[in-house]
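I have placed the structure first, in the form of structure tokens, so that the comments after it can refer back to it.
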Amino acid sequence: MNTLPLFFNLNNKTVLIVGGGDIAYRKAQLMAKAKAKLVVIAKHFEAEFLDFLQSHHHVFFQKSFEPADLNQHTPTLVIGATDDHEVNLVIHRASKAYGVPVNIVDTPDLCDYIFPAIVDRNPIVIGVSSNGKAPVLARLIRAKIESSLPSRLGELADKAGKFRDTIKNSLPTITERRYFWELIFDRALKDETIGTLSDELNQFKNHDTRLGEVYIVGAGAGDPDLLTFKALRLMQQADIVLYDALVSNDILELCRRDSQKIFVGKKRKDHTKTQDEINQLLVDYAKQGHRVLRLKGGDPFVFGRGGEEMLACQAAHIPYQVVSGITAALAASSYAGIPLTHRGIATSVRFLTGCYQTNEPFNGLNSTYQTDETLVFYMGLHALTKIIDSLISAGLPNDLPIAIISNASLPTQQVLTGTLTDIIDKKHQSNLIAPAIIIVGHVVDLYQP
């Protein structure tokens, strides 16, 4: 973060603008919306700008800027919007000497603050900034946000501000108050009809809020862009986050900032918590009234033990939601360009696990392999030799193509291809690391490095 986003309270404070053209006019209109007192200095004014200043009773001087103007008008902010670089340099130097923040329009090196692209749903205000690098992109992002926000959102926010004391007196805990407002605003963002806040409060109080809820959420294969909208929404609501070893820091950063985050990851031969302990934590925290997020890599129901956590919630009568994630097999296939099914090559897919106890015999195939089938092994990198031996013993041809995809969907993704005969040697010569997905079948021939 190169700049810290802040919001200035400019109500009845003086803003000095130097410039009389279209750019200065746009900045003056923006400052006027923030209820600032305007002092504008320019040698020449465009007629429309001059009419605006006169009709709104702002102060203006048709003259050249002088450093002494700062002492005379004592502004809170200064904006330089002239087309004369030398004049802009004088404005900048004078403002720095006076100790007032200055913005020289379209000159990032001479700016103490930056004007963002603004979404205005007063009192809700959203600013989007590219730190002066790509203002057009910032405006396009603003337009995307504008199109997604209901037009009456600001009106609801204004009513909420007036209703805060009533809520504080009616709901004794911060948690209850937060739950109430999240319920209201979540519905508002979906453009659902909201009753009067008094009626909504009465309905809320009539429900038992002492029991929390568990969210069993798939975080996908690693790329944050693979998260679903629902996953992201629940990540922002949760009070407590139990996350595993396959959840990247980028994804964890998207959880509510003040949520309690607890690592319960399980790696091979290194389990910080047993599955029973994790199940109990989910139940215990929910019984305390918390919304508990169980954030899991991939999909909770594909070798993710999400089913066990769901059953634990059912047994304890805890409300829960399960949110699908992009499982590693799908992400690895897509990002590597290896389709799991392909007309004329593969008509079915089988997901298998390569995770087993050290001394446990491994039998990867319990039914006959079909030549038009794709096999996908999860958690099998450490067991590659046993997997290959099992496949060959099951009658699969030695020259059957195989791919190992490490860190699927991430910038560090690596793809190693070979056959059942040579893949072990190739793996030993490579620097592939877990987590990795193993794809076996003729679809691997479609891979293009």
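Annotations
- Identity of the residue in segment 287-321, without any contact (Cβ under 8 Å) to a residue 40 or more places away in the chain and part of a helix (DSSP H, G or I), that ends up farthest from Leu254 (Cα to Cα): Ala315
- In the set (1) at pLDDT 90 or above; (2) closer than 23 Å to Lys287 by Cα, Pro172 fails one condition alone, (1).
- Residue match in segment 172-183 (condition: open to solvent by 50 Å² or more (accessible area, probe 1.4 Å), in contact with a Pro (Cβ under 7 Å, 6 or more places away or on another chain) and among the polar types (S, T, N, Q)): no
- For Ile167, the test of being crowded, with 16+ Cβ neighbours inside 10 Å and closer than 22 Å to Arg121 by Cα is failed.
- Looking only at residues of segment 306-323 that are of a type outside the set (A, V, I, L, M) and buried (at least 17 other Cβ atoms within 10 Å of the Cβ), we find that the one that is nearest to Arg350 (Cα to Cα) is Gly306.
- Evaluation of Glu155 against the conditions (1) within 30 Å of Asp284 (Cα to Cα); (2) assigned to a helix (DSSP H, G or I); (3) open to solvent by 30 Å² or more (accessible area, probe 1.4 Å) shows that the sole unmet condition is (1).
- Residues of segment 186-223 satisfying the condition of being more than 24 Å from Arg121 (Cα to Cα) and among the basic types (Lys, Arg): Lys205, Arg210
- Total residues in segment 377-435 satisfying the condition of being within 30 Å of the chain's Cα centre (by Cα) and of a type outside the set (Phe, Trp, Tyr): the figure is 17.
- Checking each residue in segment 30-59 for being of a type outside the set (A, V, I, L, M, F, W, C) and outside any loop (DSSP other than H, G, I, E, B) picks out Lys33, Lys37, Glu48, Asp51, Gln54, Ser55.
- Only one of the listed residues (Ile194, Ile167) is more than 21 Å from the chain's Cα centre (by Cα), outside any helix (DSSP H, G or I) and among the β-branched types (Val, Ile, Thr). That residue is Ile194.
- Residue in segment 189-206 that is out of contact with any Cys (no Cβ under 6 Å at 6 or more places or on another chain) and under 26 Å from Ala332 (Cα atoms) present: no
- Selection status of Asp51, charged (D, E, K, R) and either more than 21 Å from Asp22 (Cα to Cα) or in contact (Cβ under 8 Å) with a residue 24 or more places away in the chain (or both): no
- Residue check: Val376 meets all listed conditions (1) open to solvent by 10 Å² or more (accessible area, probe 1.4 Å); (2) touching a helix residue (DSSP H, G or I) at 6+ places or on another chain (Cβ under 6 Å); (3) of a type in the set (A, V, I, L, M) but one, namely (1).
- Scanning segment 334-351 for residues that are touching a strand residue (DSSP E or B) at 6+ places or on another chain (Cβ under 7 Å) and either open to solvent by less than 70 Å² (accessible area, probe 1.4 Å) or part of a loop (DSSP other than H, G, I, E, B) (or both) yields Ala336, Ile338, Leu340, Thr341, Ala346, Ser348, Val349, Arg350.
The values are calculated or read from the model by the stated rules, or taken from the named source; none is laboratory data. Quantities reported herein were computed from a predicted structural model and do not represent experimental measurements. When we count neighbours, we look across all protein chains shown, and the Cβ atoms used for this are built from the backbone with ideal geometry, even at glycine. Calculation scope for accessible area: heavy atoms of the full protein, side chains included, ligands and nucleic acids excluded. Shrake-Rupley method; radii C 1.70, N 1.55, O 1.52, S 1.80 Å.
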